[in-house]
Amino acid sequence: MYFPVRFLALALAASAAPVLAHAADITGAGSSFAAPIYGAWGADSRSSIGVSLNYQTVGSSAGQNQILAKTVDFGASDVPMDAQKLDAAHLFQFPTVMGGIVPVVNVPGVPAGSLQLDGPTLAAIYRGDIEQWNDPKIAALNPGLKLPDTAIATVHRADGSGTTAVFTSYLARVSPEWKAAQGSGASISWPGGIGARGNDGVAASVRNTEGAIGYVEYAFAANTHMATVKLKNHSGAFVAAGLDSFSRAAEAADWKGASHFAVDLIDTNGAGAWPIVSPTYVLVYVPTAQAEHGAAVRKFFGHALQDGDKAANRLDYVPVPANVKADILQKWDSAK
């Protein structure tokens, strides 16, 4: 995943600014989606609790690999690690914040935010089964909206990413045809369309291609003023992407039944819930004392989970529910 330069600057701030004397240095690596919030939390923790963070934005897969190789104090991944691998490696996994993936479009004559789609139609578009924006299936979802006869150009990530894993998981959930033929994952064999690297590449392709549709993280779409669509959720209502609809998805999720906190936020059955939401995760070694700087990592994330909600909201993330945070910290302290 990828964020604009001004966001990434936050992630680098923890290592670029002078370190206070006697501050504990910790290192993390992985998710670029999570880089802005870890940068903001790192800047605060340096001054408030004396823990300085050096975070490397290398992607979710590399984040998992680096914590398994014990080259960092924590790994960060938008895709949860397999439970058996976690147990074998003595790793503790927990979510830190949540965010949404949103379709972005460039449809001539259609006002931003007015286009409505449902999951099966979105999957059919990406499969190439729907080729024009005025197709009857799209028109049926948009009564009263004048749709052009413009050809649809689908845009997808060419690089492996957590964003693609979440987006394709949603398509596989709502479309049996997509599940059978394409499946889901950080990298898949796309039926066609334009491949682009990173959120910025997808955004550029959508902006420069009349009739294009792509998918990016919500924060990227919001801060670059891209036209998004409304999606029909599990309850049958068309909803707009935003912190409120992401929070409603989190509220409807089965947190208690989630193994290793790997909660499923795809197409949750909650009123007003956005259907494509996912947490981002941190992986640490347990017991904490066995990891170098482990106590400082626990102190950092304890402070972040308890006092970092304002920073999360400012950066368009949804905080983890308070009861889940308490469960995370209790289970971390007792993990073996």
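The values are calculated or read from the model by the stated rules, or taken from the named source; none is laboratory data. Keep in mind it's a predicted model, so treat the numbers as computed, not measured. Quick reminder, even Gly has a Cβ in these numbers, built from the backbone with ideal geometry, and neighbours come from all protein chains shown.
Of all the criteria given as (1) part of a strand (DSSP E or B); (2) surrounded by fewer than 16 Cβ atoms within 10 Å (Cβ to Cβ), the one not satisfied by Gly99 is (2).
Considering (1) in contact (Cβ under 8 Å) with a residue 60 or more places away in the chain; (2) more than 22 Å from the chain's Cα centre (by Cα), the lone condition that Asp333 does not fulfil carries the number (1). Scanning the range 216-245 for residues that are at pLDDT 95 or above and among the aromatic types (Phe, Trp, Tyr) gives a single hit, Phe238.
Looking at Ala112, Ala76, Ala89, just one residue is within 30 Å of Gln132 (Cβ to Cβ), surrounded by 13 or more Cβ atoms within 10 Å (Cβ to Cβ) and of a type in the set (A, V, I, L, M, F, W, C), and that residue is Ala112.
Can you pull out the residues in the range 136-145 that are more than 19 Å from Val104 (Cβ to Cβ) and either among the acidic types (Asp, Glu) or modelled with pLDDT of 95 or more (or both)? Lay out the reasoning, then the answer.
Initial filter on the range 136-145 (more than 19 Å from Val104 (Cβ to Cβ)): 136-137, 139-140, 143-144.
Answer for the range 136-145, where residues must be more than 19 Å from Val104 (Cβ to Cβ) and either among the acidic types (Asp, Glu) or modelled with pLDDT of 95 or more (or both): Pro136, Lys137, Ala139, Ala140, Pro143.
Could we say that Asp254 is assigned to a loop (DSSP other than H, G, I, E, B) and either modelled with pLDDT of 95 or more or acidic (Asp, Glu) (or both) here? Judged against the criteria, Asp254 is a match. Looking only at the range 165-214, residues that are part of a loop (DSSP other than H, G, I, E, B), over 19 Å from the mean Cα position of the chain (by Cα) and of a type in the set (D, E, K, R) come to 1 in all.
Identify all residues within the range 68-88 that are without any contact (Cβ under 8 Å) to a residue 24 or more places away in the chain and of a type in the set (Gly, Ala, Ser); write none if there are none. Answer for the range 68-88, where residues must be without any contact (Cβ under 8 Å) to a residue 24 or more places away in the chain and of a type in the set (Gly, Ala, Ser): Ala69, Ala88. Among residues of the range 158-185 that are without any contact (Cβ under 8 Å) to a residue 60 or more places away in the chain, those with a Cβ under 6 angstrom from a residue that is among the charged types (D, E, K, R) and buried (at least 20 other Cβ atoms within 10 Å of the Cβ), sequence gap 6+ or separate chain, pair up as Thr164/Arg157. Per the listing Ala304, Ala289, Ala311, Ala295, the residue uniquely at pLDDT 95 or above, surrounded by fewer than 22 Cβ atoms within 10 Å (Cβ to Cβ) and hydrophobic (A, V, I, L, M, F, W, C) is Ala311.
Just one residue in the set His234, His225, His303, His260 is without any contact (Cβ under 8 Å) to a residue 12 or more places away in the chain and either under 23 Å from Gly162 (Cα atoms) or assigned to a helix (DSSP H, G or I) (or both); that residue is His225. Restricting Asn54, Asn65 to residues that are in contact (Cβ under 8 Å) with a residue 40 or more places away in the chain and surrounded by fewer than 24 Cβ atoms within 10 Å (Cβ to Cβ) narrows the list to Asn54.
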